[in-house]
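Here is the structure we will look at, set down as structure tokens.
Values in this text are rule-based calculations from the coordinates and carry no lab data. If you're wondering where the values come from, they're calculated on a predicted model, not measured in any experiment. Positions of Cβ are backbone-derived with ideal geometry, glycine not excepted, and every protein chain shown enters the neighbour counts.
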Amino acid sequence: MRTKNFFQLLTSGLLMLALSTSAFAQLTTDHQANSTDTTTAGEAPNVVTVGARVPFATQSDTPIWQLQRQGVLDTSVWKWEIAPTGPSFYAANGTSNLTPATVVGVENISGQGFYKDSAISVDFPATGIFKLYVTERTVSNISGITGCEGNKNSLRIQVVNAPTIVFNDADRIIGGCGADVAANNDIPITVTGNGYFSATGGLWITYKIDYTNLTGGTSTFRSDTTIKDGVSNFTSWAQFSVNNPATNTVIPFNIPNGQYGTYTVTLKAVTDEISRKTLNIKPGYDTQGLPAVVAERTLKIYALPTPTTQPIKHIKNVGW
């Protein structure tokens, strides 16, 4: 029987309101012992994943709304900025550009850098610390009166790497004789992630298993299945912080007794509470943490039958 020591101990509505400290599972860090973040103790950055397209929004306050309802003011306009430069701005739907504010109410504010959009989405192409800024400017509906430009508000954003998953086996082949009667055939994996993994399931792994029987017929043994830490699996996982180091664990699995053949495990997706803070129209957000080569996303488990040695038979003499 071919054996391997792979049983290792376990060691976001569409818009996120920028003014809400709990939207989309925002992570607060305070330099815990297991944290590798670079924020100042006590700060609460908004944490997002590199490559994600994330929605943000702001709004006018009550006195402005009251004057808008009276018709004294038109809808406000907004100046969106980010530092350092690099991330790109899109409209809230994530597919179109922001709409420049030109003539609004009785005012011509072309070229002043304001947009009509109070809700936007942002692409983050690289890891690091960014600050998203917004400035509201009111717009007058009364001839001879101009609106007022408000203060600049900011949101600190930390961009982290996507979660990852790989098979913790060099050639991605396990099992052998007697695998069907083994206590388990747990699938060895190594994962990384960000944020606090909790009872709601911060880390999600989607996989499937195909079965090839002894005659070569192939069927789906387990269709696309998503498992989550802290729900029914991985209940002993430690809380991860920003860019947590790799952790070795397993996907629980057991081969039915006597069901010989080949079981092919395919990794389909991996996300955590931070990487799921992205618009669904941004493709690939749930696969960027998988191995780059498709072939490396599969692992084969072999359940080989133990032969029953047959009786010795006398062969009839030839030619007699």
Check: What list of ³J(HN,Hα) couplings, whole Hz, do you get for segment 111-120 from phi and the Karplus terms 6.51, -1.76, 1.60, once you set θ to phi - 60° and write x for glycine and proline?
Finding: x, 9, x, 9, 10, 7, 7, 9, 10, 9
Margin query: Can you tell me how segment 257-320 classifies by the Cα gyration tensor, rounded, prolate or oblate, using a/c under 1.5 as the rounded cut?
Written below: prolate
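Test of understanding: ordering I129, I82, I189, I205 by Cβ neighbours within 10 Å, fewest first, what list do you get?
I129, I82, I189, I205
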Next item on the list: Run the dipole for segment 124-193 about the Cα centre, Lys and Arg Cβ at +1, Asp and Glu Cβ at -1, nothing else charged, and hand back the magnitude in debye, nearest 20.
Entry: 580
Next item on the list: Please get the size of the charge dipole for segment 51-160, origin at its Cα centre, with Cβ charges of +1 on Lys and Arg and -1 on Asp and Glu, quoted in debye to the nearest 20.
Entry: 200
Item checked: 5 angstrom amide H check on A91, placed H, neighbours 5+ away -> S96, N97, L98, S121
Item checked: Most positive-pole-ward Cα, T95, S76, L132, against dipole of segment 51-160 from beta carbon charges -> L132
Notebook entry, point to check: Excluding same-chain residues fewer than 8 positions from K300, which lysines have a Cα within less than 19 Å of its Cα?
Noted result: K4, K208, K268
Next item on the list: For each of D123, D61, count neighbouring Cβ atoms within 10 Å of the residue's Cβ, then give the residues from fewest to most.
Entry: D61, D123
Item checked: Candidate lysines for bridging to K152, where Cα separation is under 27 Å - those fewer than 8 sequence places away on the same chain excluded -> K79, K116, K131, K277
Checklist line | Rounded to whole Hz, the Karplus (6.51, -1.76, 1.60) HN-Hα couplings of segment 175-189, x for glycine and proline | finding: x, x, 5, x, 4, 5, 9, 5, 4, 6, 10, 3, 8, x, 9
Margin query: Order these by the 10 Å Cβ neighbour count, fewest first: W65, W78, W204.
Written below: W65, W204, W78
